[in-house]
């Protein structure tokens with residue numbers, strides 16, 4: 001199966017439609033992205049188009065297509081379309097080029113509240129699966145002072161957790177400001193994940209924090225090392241969520257249920273077939289990275305990371321799968337977003353509570369039904385968020 005990227009013709013069509021919607025400049029522009037979205041057919045939408053970034057966070061969505069879980073639910077899904085940046089994927093979703101996507105959970109909050117995109121998070125795509133990767137000469141967080149660290153997007157769990165780690169080490173994250181070793185500041189810079197490993201190898205950045213397999217790729221190329229797994233800072237955090245357009249859910253809840261069920265089934269399948277994932281995803285099938293580092297993400301040996309793990313019982317090195325979106329996480333995430341430095345507007349976070357955001361953003365009916373509905377134990381519906389940088 002060839003790598004599923006946008007063809008030049010499709011890319012030109014997408015660019016034209018984005019321009020028509022008035023969003024060529026990216027997420028920072030004002031205006032409603034939903035304005036140009038095509039109306040759903042009255043009979044519902046039995047064909048769904050999947051959009052994703054080439055990271056292992058997309059595994060469940062990709063396997064729902066690859067292993068036929070969507071097809072078994074009566075859903076036709078063309079080859080998933082790979083995007084190179086979160087902005088491009090978000091724009092494509094907003095104007096209706098794709099129907100279902102995995103997006104950064106903080107980005108989903110921004111799109112819903114600030115950009116008024118009618119999306120709903122129907123489930124988590126995964127938990128954990130990200131790391132702060134640094135140059136091999138760096139052995140302590142404090143050594144990042146006076147350097148630049150790359151992040152994939154301002155509204156990402158990566159930026160949020162990285163800033164907590166920096167502050168806990170007495171460092172100051174700065175935006176659009178030269179870093180200073182004497183002042184203990186670290187410059188944050190948004191960078192496409194595919195550019196991060198070369199930037200680390202060349203010394204352009206001292207480290208980067210992003211989803212895998214990019215930490216595993218740096219290890220394989222011997223240009224960097226894992227400094228801390230984000231799952232060892234925020235236990236079982238949800239980096240990416242699966243989103244659907246709200247009008248699809250309202251017009252065709254059966255299709256939404258089918259997608260939710262396929263998502264849960266794919267996650268369960270992955271947990272039982274971790275040793276197969278490198279061969280299924282890598283070498284241009286869905287992810288451009290080689291099979292070995294991709295496989296490593298699914299089968300990491302915790303014993304190899306005891307020197308960088310503070311909470312070994314959390315297993316933050318393990319890419320996990322849990323579809324049920326918990327209100328406690330959304331609430332803690334919104335509060336963390338308020339105190340995170342970004343290059344952009346934060347006004348949409350004023351006057352909202354984590355509880356109200358969860359109610360507006362999340363529709364968990366479909367994954368709950370797939371997980372057993374009323375038989376789900378109450379202990380699985382709530383948890384205490386553990387964040388210890």
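Against the conditions (1) surrounded by 21 or more Cβ atoms within 10 Å (Cβ to Cβ); (2) modelled with pLDDT of 95 or more, residue 193 satisfies every one except (2). Among residues that are out of contact with any helix residue (DSSP H, G or I) (no Cβ under 8 Å at 6 or more places or on another chain) and over 20 Å from residue 103 (Cα atoms), residue 295 is not included.
Go through the residues of the range 47-55 one by one and say whether even a single one is farther than 21 Å from residue 323 by Cβ, under 13 Å from the mean Cα position of the chain (by Cα) and touching a residue at least 60 places away in the same chain (Cβ under 8 Å). Steps first, answer last, please.
Kept after step one, since they are farther than 21 Å from residue 323 by Cβ, are these residues of the range 47-55: 47, 54.
Retained after the next criterion (residues that are under 13 Å from the mean Cα position of the chain (by Cα)): 54.
Add one more test, that the residue is touching a residue at least 60 places away in the same chain (Cβ under 8 Å), and what stays is 54.
Checking the range 47-55: at least one residue is farther than 21 Å from residue 323 by Cβ, under 13 Å from the mean Cα position of the chain (by Cα) and touching a residue at least 60 places away in the same chain (Cβ under 8 Å).
Considering the range 175-210, and only residues there that are in a strand (DSSP E or B) and more than 21 Å from the chain's Cα centre (by Cα), the residue that is nearest to residue 344 (Cα to Cα) turns out to be 187.
Looking at residue 352, is it under 20 Å from the mean Cα position of the chain (by Cα), within 18 Å of residue 115 (Cα to Cα) and in contact (Cβ under 8 Å) with a residue 40 or more places away in the chain?
no
Taking the numbered list (1) within 18 Å of the chain's Cα centre (by Cα); (2) within 30 Å of residue 165 (Cβ to Cβ); (3) part of a helix (DSSP H, G or I) in turn, residue 292 passes all entries but (1). Scanning the range 297-320 for residues that are surrounded by fewer than 21 Cβ atoms within 10 Å (Cβ to Cβ) and not in a loop (DSSP other than H, G, I, E, B) yields 302, 303, 304, 305, 312, 313, 314, 320.
Checked against the criterion of being in contact with a strand residue (DSSP E or B) (Cβ under 6 Å, 6 or more places away or on another chain), closer than 30 Å to residue 382 by Cβ and crowded, with 21+ Cβ neighbours inside 10 Å, the candidates 262, 258, 323 yield just one match: 323.
The set of residues from the range 211-236 being within 16 Å of the chain's Cα centre (by Cα) and either in a helix (DSSP H, G or I) or under 19 Å from residue 143 (Cα atoms) (or both) comprises 214, 215, 229, 230, 231.
Could you tell me whether the range 81-94 includes any residue that is in contact (Cβ under 8 Å) with a residue 12 or more places away in the chain and over 26 Å from residue 288 (Cβ atoms)? No, because not a single residue in the range 81-94 is in contact (Cβ under 8 Å) with a residue 12 or more places away in the chain and over 26 Å from residue 288 (Cβ atoms). Here residue 276 fulfils each of the conditions (1) under 16 Å from the mean Cα position of the chain (by Cα); (2) free of Cβ contacts under 8 Å to residues at least 12 places away in the same chain apart from (1).
The values are calculated or read from the model by the stated rules, or taken from the named source; none is laboratory data. Here the structure is a predicted model, which is why all the values come from computation and not from measurement. Here the Cβ is made from the backbone with ideal geometry for all residues, glycine too, and neighbour counts use every protein chain on show.
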